[in-house]
Amino acid sequence: MSQTQTKGQFITIEGTEGVGKSTNMAFIEQWLKNSGIELVITREPGGTELGEKLRAVLLDAKETSMCDDTELLLMFAARAQHLHEVILPALNAGKWVLCDRFTDATYAYQGGGRGIDMSRIAQLEQWVQGDIRPDMTMILDLPIDVGLERAGKRSAPDRFELEKHDFFNKVRNTYLARAAAQPDRYQVIDAAPAIDVVQQSIQTVLEKMVK
Ligand code: TMP
């Protein structure tokens, strides 16, 4: 990106359980800030007061009756608010946005995991986002067994963490298929090596973006 560009860059981070999203988000945040970039850090579902309320409902393990379409629509409801209140104002002000998950997670979890038709997700994406897509999506990739082992028993599992191996395999495969179909927009980062090796790969990607 040229420093004269007025619109900020929109970066999203994705991955399955235990890939090290939080640690690497913190690394990216620090790296971009050190490069002098004005940055907004946010997450999905959530990122706004209303969106965080929707997140609480979506992740509530006691919410056992939620049907797949409700889950999908709540994800996009939170996203609409997030775009309106946080993401678009930041990008339009020339700031960069670093978002922990975005619509690729909907394709992966609701599409791949739950089995909702991808074309229905694409319709909602178009409706809610118009032409807005991330400029770059980093997918931290790890075999499901390794990720679940790393995630361990951090706390009581949320509604998604209760899912089984097979669900997460479908999620992972959807992320990888999307990256393979559109290699310009995605960077798949192998999250298996030691953290300094992973962060070197991430840094190489960031260096290209701030050039
Ligand atoms: P996390 O951000 O702490 O990983 O938790 C968010 C959970 O929500 C995670 O299990 C993935 C899930 N999710 C979806 O299923 N669809 C979505 O569109 C998003 C943004 C998240």
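Apply the Karplus curve 6.51 cos²θ - 1.76 cosθ + 1.60, θ = phi - 60°, to the phi angles in the range 185-197 and return the couplings in whole Hz, x for Gly and Pro.
Couplings: 8, 10, 10, 8, 10, 5, 8, 6, x, 4, 4, 5, 6 Hz.
Quick one: Karplus J couplings for the range 16-21, per residue in order, coefficients 6.51, -1.76, 1.60, θ = phi - 60°, nearest Hz, x for Gly and Pro?
8, 4, x, 7, x, 4
Carbon and sulfur atoms: what percent of the 1.4 Å accessible area of the chain do they account for?
Details: 5340 of 10280 Å².
Carbon-and-sulfur percentage of accessible area, whole number: 52.
Using 0.36 nm per residue, how much length does the chain from residue 62 to residue 184 gain when fully extended, once their Cα-Cα distance is taken away?
That works out to 40.0 nm of additional length.
What is the distance in Å between the Cα centres of the range 99-133 and the range 182-211?
23 Å
Grab the beta carbon distance between residue 85 and residue 204, set R0 = 41 Å, and tell me the FRET efficiency rounded to 0.05.
Approximately 0.80, to the nearest 0.05.
Calculate, for the range 111-184, the solvent-accessible area per residue in square angstrom, rolling a 1.4 angstrom probe over the heavy atoms of the protein chains.
On the way: 4230 Å² over 74 residues.
Dividing the accessible area of the range 111-184 by its residue count gives 57 Å².
Any lysines with Cα under 18 Å of the residue 211 Cα? List them, leaving off those in the same chain fewer than 8 positions away.
Candidates past the 8-residue exclusion: 7, 33, 95.
Describe numerically, in nm with one decimal, the distance between label points set 7 Å from Cα along Cα→Cβ at residue 7 and at residue 73.
In this crude label model, residue 7 to residue 73 measures out at 3.1 nm.
Under 8 Å for C-alpha pairs, at least 6 residues apart: give me the relative contact order for the range 1-92, rounded to a whole percent.
After rounding, I find 33 percent.
In terms of modelled amide H atoms, which long-range or inter-chain residues lie less than 5 Å from the amide H of residue 97?
Result for residue 97 returns 9, 10, 11, 40.
As I understand it, the dipole of the chain uses +1 on the Cβ of Lys and Arg and -1 on the Cβ of Asp and Glu, about the Cα centre. Which of 147, 56, 22 lies farthest toward its positive end?
Highest projection toward the positive end goes to 22.
If the only charges are +1 at each Lys and Arg Cβ and -1 at each Asp and Glu Cβ, what is the size of the charge dipole of the range 10-206 around the Cα centre, to the nearest 20 debye? Let's see the in-between values first.
Working: 21 positive and 29 negative charges, 21 e Å.
Around 100 debye, computed over the range 10-206.
Where a Cα-Cα gap under 30 Å defines reach, which lysines qualify for residue 164, not counting those fewer than 8 residues away within the same chain?
21, 53, 62, 153
Order 69, 141, most accessible first, counting only protein heavy atoms with a 1.4 angstrom probe.
Largest accessible area first, the residues go 69, 141.
For the range 78-86, just list the computed ³J(HN,Hα) in residue order, Karplus coefficients 6.51, -1.76 and 1.60, θ = phi - 60°, integers in Hz, with x standing in for Gly and Pro.
4, 5, 4, 5, 5, 4, 5, 8, 10
Please give the calculated 222 nm ellipticity per residue for the chain, where each DSSP H segment of at least 4 residues contributes -39500 (n - 2.57) and the sum is spread over every residue; nearest 500 deg cm²/dmol?
Helix-only estimate at 222 nm: -14500 deg cm²/dmol.
Please compute the Kirkwood hydrodynamic radius over the chain, one decimal place, Å, based on all pairs of different Cα atoms.
Evaluated on the chain, it is 17.6 Å.
The values are calculated or read from the model by the stated rules, or taken from the named source; none is laboratory data. Bear in mind that the values here come from a model prediction, so they are computed numbers and not experimental data. For neighbour counting, all protein chains shown are included, and Cβ atoms are generated from backbone atoms with ideal geometry for every residue, glycine included. Ligands, DNA and RNA are excluded from the accessible area calculation, which covers all protein heavy atoms including side chains. Shrake-Rupley method; radii C 1.70, N 1.55, O 1.52, S 1.80 Å.
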